[in-house]
Structures are given as structure tokens and as C-alpha cells.
Amino acid sequence: MSDERVIALVVGDSEPLSSETQKYFDLCQEKLGLVPNVLRAYSFDDKKLRAFTDIYNDLMLGQSDLTKLEREMIAVVVSSVNRCFYCLTAHGAAVRELSGDPVLGEMLVMNYRAADLTLRQRAMLDFSVKLTERPAEIVEADREDLRKAGFTDRDIWDISSVAAFFNMTNRHAAATDMRPNHEYHSMAR
């Protein structure tokens, strides 16, 4: 673990990681080449870390008819609306990697409407943005637009869940001044 600042808060004491958390971090290091700072931020409390990773892993890696790229696209576009530095950096890198297209990653960060998207992707991202900016205005017509774009009701649940999760994490990252790992900036470029 690096000594660089991950968040602006000092929470918990600097006790050694539990053996369970250390195993998880070792696995991250092996698979990703780094331990994401968001995990380091939660490492002061195994229960909170586990709760965060359980929901994240289910939403972003679990069974869904949404592709991993589509889920990452939602993460980036929601984070763009919220101007979340951490998530734009980390999930922008994931979009670049999964799509093989560094331009797509940048377009989603800057303005997804400028990107060459499928009708399905556009509908998904338009819904995610509306849910982020004006959740009280979501009506049946919005869900119907997603159905017309080929999404099932289960898919709409998954789109909503990913968008809602990133709205929550964006706010938490902003409140704590969470900093992304430097490695994300150069990934998949």
C-alpha cells in the first residue's frame, strides 16, 4: 500500500489490515496490477469494505444481460454529470480497456452525446442521465423508451441499479475527496 493520500479524512486507526482484507488486496494486485484507492479508503472497516465490494461486484461483474462495457459506460456518464474525479478516472480507464477505443472513453467523460453510439446505448445513457439529474421526472414513457431500444424490464432494473450506485459513490467520493490511483490515467491509451 502506498503512503499517498487516498481521502481527505482520517477514519479509523492505522492498524494492519485483517487477513481477509489483505488476501483481497493481494488478489486485486495480482489481477489488476493495483489496489483501487476506493478499496483502500474502505479498508479501515472490514464490514463496510465487504458491503461495498459485495454490491459493486454484483452490479458490475455479476449476471446481467447488460455487458460489462455497458455497465462501465453508465458509470462514466453518471460520473460525468456529477463531475466525480475518482470515478471518471477509474471507470473511464475501464471503458477504454473494454471497448479498445480510447476516444470512446474520452467522449463519455466529456459529452456522451458526441460519441458514435448505438440506439441501445444512447437510450441507456439518456435514461441514466435523467435518473441522475431529474429522478422525480422518470415516468413510464422513459421505461418504454428503453423497452423500444431492446431492454427487458430486468435490464431496466440493472440500468437503474448501476446508475443509482454511482450516484451514491460519486457523492461519497466528493465528500471525502477520494483520489484515483495514478495508474488509471495511462491505462488503455
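For the stretch 53-103, which trypsin sites (Lys or Arg not before Pro) are in a loop by DSSP, counting at most 13 other Cβ atoms within 10 Å?
Within the stretch 53-103, the qualifying trypsin sites (Lys or Arg not before Pro) (loop, at most 13 other Cβ atoms within 10 Å) are 83.
Taking just the alpha-carbon atoms of the stretch 48-116, what radius of gyration and Dmax come out, in angstrom?
When restricted to Cα atoms, the stretch 48-116 yields Rg and Dmax of 12.2, 38 Å.
How much space per residue, in cubic angstrom, does the convex hull of the C-alpha atoms of the stretch 2-102 take up?
Taking the convex hull of the Cα positions in the stretch 2-102, it is 123 Å³ per residue.
So, with +1 on the Cβ of K and R and -1 on the Cβ of D and E, and no other charges, what is the size of the charge dipole of the chain about its Cα centre, to the nearest 20 debye?
Using only the charged Cβ atoms, the result is roughly 300 debye.
At 7 Å along Cα-to-Cβ for each site, give me the label-to-label distance between residue 153 and residue 28 in nm.
Each label point lies 7 Å from its Cα, and together they span 3.7 nm.
Trypsin sites (Lys or Arg not before Pro), restricted to the stretch 127-175: which are DSSP loop and have at most 12 other Cβ atoms within 10 Å?
Answer in residue order: no site qualifies.
Could you check how much of the accessible area of the stretch 49-189 is carbon and sulfur, as a whole percent, using a 1.4 Å probe?
55
If you project the alpha carbons of the stretch 79-182 onto their three principal axes, what span does each projection cover, largest first, in Å?
Result, largest extent first: 40, 31, 22 Å.
Within the set of other residues whose C-beta is less than 13 Å from the C-beta of residue 49, count the net charge using Lys and Arg as +1 and Asp and Glu as -1.
+1
Taking a quarter of the surface of the Cα convex hull of the chain, what do you get in nm²?
Averaged projected hull area, Cα only: 10.8 nm².
The values are calculated or read from the model by the stated rules, or taken from the named source; none is laboratory data. Keep in mind the model is a prediction, meaning the values are calculated, not measured. Glycine also receives a Cβ, built like all others from the backbone with ideal geometry; neighbour counts cover every protein chain displayed. For accessibility, only protein heavy atoms count, side chains too; no ligands or nucleic acids. Shrake-Rupley method; radii C 1.70, N 1.55, O 1.52, S 1.80 Å.
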